[in-house]
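The values are calculated or read from the model by the stated rules, or taken from the named source; none is laboratory data. No experiment lies behind these values; they were computed from the predicted model shown. All Cβ positions, even for glycine, are placed from backbone atoms using ideal geometry, and neighbour counts span all protein chains on display.
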Amino acid sequence: MIVRKLSDVLGTQREVVTPNWTSRRLLLEDDKMGFSLHDTVIRAGTETEMEYKHHLEAVYCIEGEGEVVTLSDGKSHPIRAGTVYALNQHDRHLLRARTAMRMVCVFNPPCTGKEVHGADGAYPPSGKAA
Ligand code: 9YT
């Protein structure tokens with residue numbers, strides 16, 4: 001069994017900081033769970049365009065408010081604590097954080113550890129296909 005606390009991850013290589021978000025990666029590929037699990041804080045007032053071409057991601061908001069816009073149709077979905085969105089079609093999307101938002105994110109296949117978005121809004125492929 002793996003038992004890990006957020007405090008074990010803070011300040012280590014499992015904490016990835018970018019201008020728009022900080023991702024605390026509680027479970028990664030080398031934990032061999034078949035998914036990765038991140039506790040991610042999105043900074044207030046930011047807009048992040050993403051398209052996880054090589055991953056499926058579910059994002060469960062546990063704090064804060066914002067919206068996610070699917071860029072194929074321009075549809076806006078309000079996101080607040082208690083709402084999950086799942087990018088089951090590798091959807092290109094824009095996340096707007098009205099306040100700071102705290103998200104529990106699950107990636108399949110799992111992230112390996114240091115991923116940040118490339119110019120195309122994706123993380124590079126890792127491990128097996130979803
Ligand atoms: C919500 C979202 O996708 N934010 C970008 C960071 C990503 N979820 C991660 O690596 O934790």
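Looking only at the stretch 72-117, filter to residues that are among the charged types (D, E, K, R) and in a strand (DSSP E or B); which one of those is surrounded by the fewest Cβ atoms within 10 Å (Cβ to Cβ)?
Result: K75.
Please specify each residue of the stretch 1-15 satisfying the condition of being touching an Asp or Glu at 6+ places or on another chain (Cβ under 7 Å) and farther than 11 Å from L27 by Cα.
None - no residue of the stretch 1-15 is touching an Asp or Glu at 6+ places or on another chain (Cβ under 7 Å) and farther than 11 Å from L27 by Cα, so the list stays empty.
Every residue in the stretch 29-53 that is small (G, A, S) and closer than 9 Å to P110 by Cβ, please.
G34, S36
Return the residues of the stretch 91-110 that are out of contact with any Phe, Trp or Tyr (no Cβ under 6 Å at 6 or more places or on another chain) and either of a type in the set (S, T, N, Q) or modelled with pLDDT under 95 (or both); say none if nothing qualifies.
T99
Can you name the residue in the stretch 76-130 that is more than 18 Å from R14 (Cα to Cα) and β-branched (V, I, T) and, of all such residues, is farthest from the chain's Cα centre (by Cα)?
Applying the filter and picking the extreme gives T99.
Within the stretch 45-61, is there a residue that is without any contact (Cβ under 8 Å) to a residue 60 or more places away in the chain, within 24 Å of R14 (Cβ to Cβ), crowded, with 16+ Cβ neighbours inside 10 Å and touching a Pro at 6+ places or on another chain (Cβ under 9 Å)?
yes
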